[in-house]
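The structure under discussion appears below in the form of structure tokens.
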Amino acid sequence: MIYAIETDNLVKEYGGLRALSGITLRIPQGGCFGLLGPNGAGKTTLIRVLTTLLSPTSGRAFLMGHDVVREAASVRTRIGVVPQAMTSDLDLTGYETMDIYARFFGMGRSERSERIDELLGLVGLKDRASDLVATYSGGMRRRLEIARGLVHKPAILILDEPTIGLDPQSRHVVWGLLERFRMEDDLTILLTTHYMDEAEVLCDQVAIIDYGKIVALGTVPGLKSQIPQKDTVELRLTSVDMQVAADWVAGLQGVVGCRVDDTGLFVSTDKGAQIIPLLVGGLKDLGALVTSVTLKQQTLEDVFIHFTGRPIREEEARKVSFLLGAGIPTKWGR
Amino acid sequence: MMHRFLAILERDLRKFIRNPIVVAMSLLMPIIYLVILGNSFQGELRRLPLAVVDMDNGPYSARVMELLASIEAGSGTVVISVVSDQGFAMKALREGIFKAVIVLPPDFSRRVIRNDNAEIGLFLDNAETISAMTIKAAVGGALPELKRDFISVREHHLEAGLRSVELYRKIDYDQTLIPGIVIMAIFLGAMTTGAFNMVMDRFLGVDESYFLTPLTKTDIVMGLVASGLLITTVLAVLVLTLSSVISGYPIWESLSVEGFLLLAAVIIFSTLGLQGIMFVIMGRINHPRIVGVLGGFLNVILFFPSGAIYPVESFPAWLKVFADVNPESYSVHAMRALLFKGAGIEAVKGDIIFLSVFAVLLLGLGTLSFKRAL
């Protein structure tokens, strides 16, 4: 199989801090791969190594077969990147942003013009092409940056938190665009995200990264099946002995656990909504009056929490310059 | 390669023209310097308040009063107030009401008549050096007349007439500032373009998107330098033209084609040299606040010791050493020769060689110190 992105035991250290600790990945061409992880887990560091902005301390990484260290220039021509922070120039128009960026890749005038028109049309910015980027909303700017990342027809699009800070409408627009580009251009997409729904919608495969290591890797359904937490059916009952009801429920096929409280049952199941008619019918036969039924489906968030735990990560505090005060973090400061 | 470098150039030009306040300040600030400095340093000192305490009231003290009155009526350097109380006069001097006090002692006329070392007391407020020196010179210049009056046998010396011949057309002080004003425009242009754009890109995080492209370190530095050079050269020529109009010095009459080309070379190499300094200093700076602080500092340490305001020859030895390595000294020297003396290549080739070598060295260092990484 041809891999668009391949890493082998990638390590990145900053001073004594190990940000990446032996990352090995294989991402097939045309796939969409999601990197999930808490703040400070190493996602952005991995993206920066893959996009040639940082050199790894050890290990190797290849994009479209090119080494990110030895063939950095070749790698840069084959990737489109949408960084986490908005990096488009506010003093340029949307069209100029695209045009100047395309010239960095050596594209000719007519090729540029055609491609920019096409992309701005696709991201819905054709009518605003001659407006300054400073006048764009966050969502528009993000769409422009996605279009900019694709202007030179890269084989791989890498996005670091592409929908962070966007409203739900804009997020859905971005998702639609990514799906479309992936299908139409046979694009390989690597994205980092905090949004589990984003990863579920877009990604064929996800890796959960924590403390610089991959702690889980697979398809979303595959990862869900690995964890004990399943879909939960919450039943509120009266007129029945709860323990009798629980014992009956526990014997049903597809039920992996049942917890009881004073007013009802919490049924853990891998059958999802399918089991609800069976549960309600059976409990009625036992003489129970079912007052409410709630289905809580298992999500990727459950998977995420399972593998990374609940504690908030203690990130290394940033320092602020002695000389400049607040503004730019620095190595030496207070 | 060409595409990439030109793209950076175009980007910076577009950004510059979209910040008209920067354009306006880059033009206005040197012109304001010309107007303020030109008019505050060149004015003749007049109507300095001088108190005279005549404790003698004799014939020669009266003669002194006449001579002082002639200064007042003639050049108008001083305005005389006759004060009877010496204590009051000295108090007023200390309070700044008078710039100087002349005291004619009680035995002044008698001593003059006896030719016995007659003295006049001149008390100066030397906290204002220039006023004090002006009064001293005016009073000192008038006193020989007094001596001539009371020397009974007049001596006649063969007086050698000194006739000064000015080599070039008359140049007022504000006009002599023009080279300094142009170099200030070049400094401001070099400071607000080129390396500054790089600092702003870092500050706003825009640089990350450039590092993700095939742009090399040389592409980035060359593009920034080219845009800075273009903008700064246009600014310098505009400031030169405005300065000549405002100060009334017609540069177009004194510049030959050769002079114009040499002037262009001086402007271009000065710009490149100053841009080189900015690249070396700002190569790793990531906050515009530092640029603001450094800009003011650099302007002072490069502009004032350049000879733009006062001749380098008047500097103490240590400052002369600095002036010898200050590129602005060479720019000012060359521009002064080209604009005021109609000089040719022979007169400015040393300046141009220094400026070009300086530019190559500093831009080379600037490129080396530029970090193409986050």
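Results, tabulated for the structure shown:
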quantity	calculated
All positions within segment B:323-374 that are in contact with a Leu (Cβ under 6 Å, 6 or more places away or on another chain) and within 14 Å of chain A (Cβ to nearest Cβ)	B:Leu374
Residue within segment A:80-96 that is more than 12 Å from chain B (Cβ to nearest Cβ), open to solvent by 10 Å² or more (accessible area, probe 1.4 Å) and either hydrophobic (A, V, I, L, M, F, W, C) or part of a helix (DSSP H, G or I) (or both) present	no
Segment B:97-124, subset in contact with a Pro (Cβ under 9 Å, 6 or more places away or on another chain) and outside any helix (DSSP H, G or I), residue surrounded by the most Cβ atoms within 10 Å (Cβ to Cβ)	B:Phe98
Condition check for A:Val267: more than 20 Å from A:Val220 (Cα to Cα) and touching a Gly at 6+ places or on another chain (Cβ under 8 Å)	yes
Candidates A:Ala134, A:Ala147, A:Ala216 - the one that is open to solvent by less than 10 Å² (accessible area, probe 1.4 Å), assigned to a helix (DSSP H, G or I) and either in contact with a strand residue (DSSP E or B) (Cβ under 9 Å, 6 or more places away or on another chain) or of a type in the set (Gly, Ala, Ser) (or both)	A:Ala147
Residue ID - nearest to the other protein chains (Cβ to nearest Cβ), chosen from residues in segment B:194-211 that are free of Cβ contacts under 8 Å to residues at least 12 places away in the same chain and part of a helix (DSSP H, G or I)	B:Ser209
Selection within segment A:235-267 - in a strand (DSSP E or B), in contact with a Lys or Arg (Cβ under 7 Å, 6 or more places away or on another chain) and open to solvent by 50 Å² or more (accessible area, probe 1.4 Å)	A:Val256
Filter result for B:Leu263 (open to solvent by less than 10 Å² (accessible area, probe 1.4 Å) and part of a helix (DSSP H, G or I))	yes
Qualifying residues in segment A:65-79 (those that are of a type in the set (A, V, I, L, M, F, W, C) and open to solvent by 50 Å² or more (accessible area, probe 1.4 Å)) - the one nearest to the other protein chains (Cβ to nearest Cβ)	A:Ala73
Residue satisfying all of: in segment A:26-42; open to solvent by 10 Å² or more (accessible area, probe 1.4 Å) and either modelled with pLDDT of 95 or more or in contact with a His (Cβ under 9 Å, 6 or more places away or on another chain) (or both); nearest to the other protein chains (Cβ to nearest Cβ) among these	A:Asn39
Qualifying residues in segment A:308-334 (those that are more than 14 Å from every other protein chain (Cβ to nearest Cβ) and open to solvent by less than 50 Å² (accessible area, probe 1.4 Å)) - the one modelled with the highest pLDDT	A:Thr308
Test: residue in segment B:231-253 that is within 14 Å of another protein chain (Cβ to nearest Cβ) and open to solvent by 20 Å² or more (accessible area, probe 1.4 Å)	no
Residue selected from segment B:8-31 under the condition away from every other protein chain (no Cβ under 14 Å) and open to solvent by 80 Å² or more (accessible area, probe 1.4 Å), by the criterion farthest from B:Gly180 (Cα to Cα)	B:Met25
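The values are calculated or read from the model by the stated rules, or taken from the named source; none is laboratory data. Computed from a predicted structure; not experimentally measured. Backbone-built Cβ (ideal geometry, glycine too); neighbour counts: all protein chains shown. All accessible areas refer to the heavy atoms of the entire protein, side chains included, with ligands and DNA or RNA removed. Shrake-Rupley method; radii C 1.70, N 1.55, O 1.52, S 1.80 Å.
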